[in-house]
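A short worksheet on the structure shown next.
The values are calculated or read from the model by the stated rules, or taken from the named source; none is laboratory data. These numbers were taken from a predicted model, which means no experiment stands behind them. All Cβ positions, even for glycine, are placed from backbone atoms using ideal geometry, and neighbour counts span all protein chains on display.
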Amino acid sequence: DAKTTQPTSMDCAEGRAANLPCNHSTISGNEYVYWYRQIHSQGPQYIIHGLKNNETNEMASLIITEDRKSSTLILPHATLRDTAVYYCIVRVVLGYQLTFGKGTKLSVIP
Amino acid sequence: GAVVSQHPSWVICKSGTSVKIECRSLDFQATTMFWYRQFPKQSLMLMATSNEGSKATYEQGVEKDKFLINHASLTLSTLTVTSAHPEDSSFYICSAERGGTTETQYFGPGTRLLVL
């Protein structure tokens, strides 16, 4: 699976949009981009995934660049409960393993 | 939908005893389940991949005789830590893969193990 690079930490004001970037310059054509988050002392929570088109669900939006070498997870209106470590993972669609990096620690500030 | 449960949520045991952790997919069938381990301030590390009805596949460095995995049904996998020692103290997390075109993994809430 391709490697991802994320900033170590980010701050976001409560109520503002949180934009979390991820670089995956070695991504292959059959690899999806997945985003998970882990709130302290809990199991990871699935957020969203995509292949090449932008995706949106009730939690977030995923913007993937045209060359697929980077993506951005957008939380439209961050709340204090969104404080967590966010993981960007690329994975072959028919593969099984999720390889977790260090992720981005997002702190939402009142 | 896509709920995964784990039991127990936390356990304290004496060194040398065995501990069993259950992982259940509550509202879907999971042909594949995964077991991860997470030490403090570190990321999740995959321990093994478990397919229903077959032997688990362990990652390099994970002792299969110490961490016994049984995937008895499409909704239940168990991890038994045999002869636990203090260095086995960790946060154990399972995930279950719901099939389909993109095979999204859903995670349980985790089990915190403390071996005294």
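Structure values in brief
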quantity	calculated
Lone qualifier among B:64, B:41, B:14 - being touching a strand residue (DSSP E or B) at 6+ places or on another chain (Cβ under 9 Å) and within 22 Å of residue A:98 (Cβ to Cβ)	B:64
Qualifying positions in segment B:62-102 - surrounded by fewer than 16 Cβ atoms within 10 Å (Cβ to Cβ) and among the charged types (D, E, K, R)	B:63, B:64, B:65, B:66, B:87
Candidates B:53, B:100, filtered to the one that is closer than 22 Å to residue A:36 by Cβ, over 12 Å from the mean Cα position of the chain (by Cα) and at pLDDT below 90	B:100
Among the candidates B:33, B:47, residue that is within 11 Å of chain A (Cβ to nearest Cβ) and either part of a strand (DSSP E or B) or among the aromatic types (Phe, Trp, Tyr) (or both)	B:33
Selection from segment A:32-85 of residues that are closer than 30 Å to residue B:10 by Cα and out of contact with any Phe, Trp or Tyr (no Cβ under 8 Å at 6 or more places or on another chain)	A:39, A:40, A:42, A:59, A:79, A:80, A:81, A:82, A:83, A:84, A:85
Test for residue B:17: is it of a type outside the set (Gly, Ala, Ser) and facing chain A (nearest Cβ under 10 Å)	no
Residue in segment B:57-68 that is within 13 Å of chain A (Cβ to nearest Cβ) and at pLDDT below 90 present	no
Options A:85, A:90: the member that is within 11 Å of chain B (Cβ to nearest Cβ), within 11 Å of the chain's Cα centre (by Cα) and within 18 Å of residue A:3 (Cβ to Cβ)	A:85
Members of segment A:12-48 that are surrounded by 21 or more Cβ atoms within 10 Å (Cβ to Cβ) and without any contact (Cβ under 8 Å) to a residue 24 or more places away in the chain	A:43
Every residue from segment B:8-45 that is over 16 Å from residue B:89 (Cα atoms), of a type outside the set (A, V, I, L, M), surrounded by fewer than 15 Cβ atoms within 10 Å (Cβ to Cβ) and under 17 Å from the mean Cα position of the chain (by Cα)	B:29
Qualifying residue in segment B:73-90 (condition: within 30 Å of residue A:6 (Cβ to Cβ), within 11 Å of chain A (Cβ to nearest Cβ) and part of a strand (DSSP E or B))	no
